[in-house]
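Each reported figure results from applying straightforward, stated rules to the coordinates on display, with no laboratory input. This is a predicted model, so every value here is computed, not measured. Using ideal geometry, Cβ is built from the backbone for each residue, glycine included, and neighbour counts are taken over all protein chains shown.
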Amino acid sequence: MKVLVAVKRVVDANVKVRVKADESDVELSNVKMSINPFCEIAVEAALQLKESGQASEVIAVSVGPDACQEQLRTALAMGADRAVLIKTGSDLEPLAIAKLLYTVTQREEPGIVLLGKQSIDGDNNQTGQMLSALMGSAQGTFASQINVVGEWVNVIREVDGGLETRSLRLPAVITADLRLNEPRYASLPNIMKAKKKPLEVIDAGDLGVDIAPRLKVIKVSAPPERKAGIRVGSVQELVEKLKNEAGVI
């Protein structure tokens, strides 16, 4: 069984994001970029399925500019077998990305497609669900545990009331939550080996997919700065301020 895992290039989670002066977008020049943390968890889940003998091949796929090859090479260094880049210079919406990923699933016919539950830049949490609809397959979102049993995959997912277990008939789309696993670090020997692993580049324009935007960003602004706190001299003063000034009690 093949496992297809999607990888997105985002601003590194440890970088403080700055808004451009014209408020058209966030500043990406000279900013460290990395694999989206949830996508990294999805890569680790795919690798664990292969190591347990439940998958035969792990294919990493990304959508974006040539620079995305850096993140795909990281996935290859972690242990993925090969990678596919759908090259485009446009900023794509979740539906467009889902359509492009769908073309890859039609060609590769994976048993499981793994994605991060959302990206830390757009926070849309939509691509996995849209891809599942296009494939006509079952979906398990917010997965905290995955177990393949024959032609089915059991997914434990986090919901507001606790944990929910679902059995999905393969092929299935699964989105990874934070507690699914702890991603491994790529060792130096594996980083060197990743340079020789196959990485196919496909032009998005050759796939015949409508990726025209349906939304327009009007303005991007930074959140207001937090006001400085104050010190109180006693519990009585704290209660008084919470009651009379903050109005929370």
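Given q = 0.07, 0.11, 0.18 Å⁻¹, what are the Debye log10 I(q)/I(0) values for segment 2-217, with equal point scatterers placed on the Cα positions and solvent ignored?
Each listed q maps to, in turn, -0.20, -0.50, -1.38.
Looking at segment 133-215, send over the antiparallel percent of its DSSP beta bridges, to the nearest 5.
Of those bridges, close to 80 percent are antiparallel.
Which of C68, V5, S56 sits closest to the plus end of the dipole of segment 2-217, meaning its Cα is farthest towards the positive end, when Lys and Arg get +1 and Asp and Glu get -1 on the C-beta?
Going by the charge dipole, the pick is S56.
Select from R231, R107, R214 the residue whose mean-square fluctuation is largest in a Gaussian network model of the chain (Cα-Cα springs shorter than 10 Å).
R231
Between V148, V61, V235, find the one with the highest GNM mean-square fluctuation for the chain; connect C-alpha pairs within less than 10 Å.
Judging by the Gaussian network model, the answer is V235.
Exceeding 28 Å between C-alpha atoms, which entries from my cross-link table qualify? They are K20/K99; K87/K197; K87/K193; K2/K216; K16/K227; K20/K227.
Where the Cα-Cα span goes over 28 Å, the pairs concerned are K20/K99; K2/K216.
Which GluC sites (Glu not before Pro) from segment 86-184 combine a DSSP loop assignment with at most 15 other Cβ atoms within 10 Å?
Filter output for segment 86-184: E151.
Under the definition of Cα pairs under 8 Å and six or more residues apart, what whole-number percent is the relative contact order of the chain?
23 percent
Kindly put S132, S221 in sequence by how many other C-beta atoms sit within 10 Å of each C-beta, fewest to most.
In order of increasing Cβ crowding within 10 Å: S221, S132.
How charged is the neighbourhood of V159? Take every other residue with its Cβ under 12 Å from the Cβ of V159, and add Lys/Arg as +1 and Asp/Glu as -1.
Around V159, the charge tally is -2.
Cα centroid distance between segment 235-249 and segment 96-160, in Å?
The two parts, judged by their Cα centres, are 48 Å apart.
Do any chymotrypsin sites (Phe, Trp or Tyr not before Pro) in segment 142-249 lie in a DSSP loop with no more than 16 other beta carbon atoms within 10 Å, and if so, which?
Answer in residue order: Y185.
What Kirkwood radius, in Å to one decimal, follows from the Cα pairs of segment 15-75?
Answer for segment 15-75: a Kirkwood hydrodynamic radius of 13.9 Å.
Using only the alpha-carbon atoms, how far is helix 69-78 inclined from the longest principal axis of the chain? Give it as 0 to 90 degrees, nearest 10.
Long axis of 69-78 versus the principal axis of the chain: about 80 degrees.
How much net charge surrounds L85 when only other residues with a Cβ under 9 Å from its Cβ are counted (Lys, Arg +1; Asp, Glu -1)?
Once all neighbours under 9 Å are counted, the net charge is -1.
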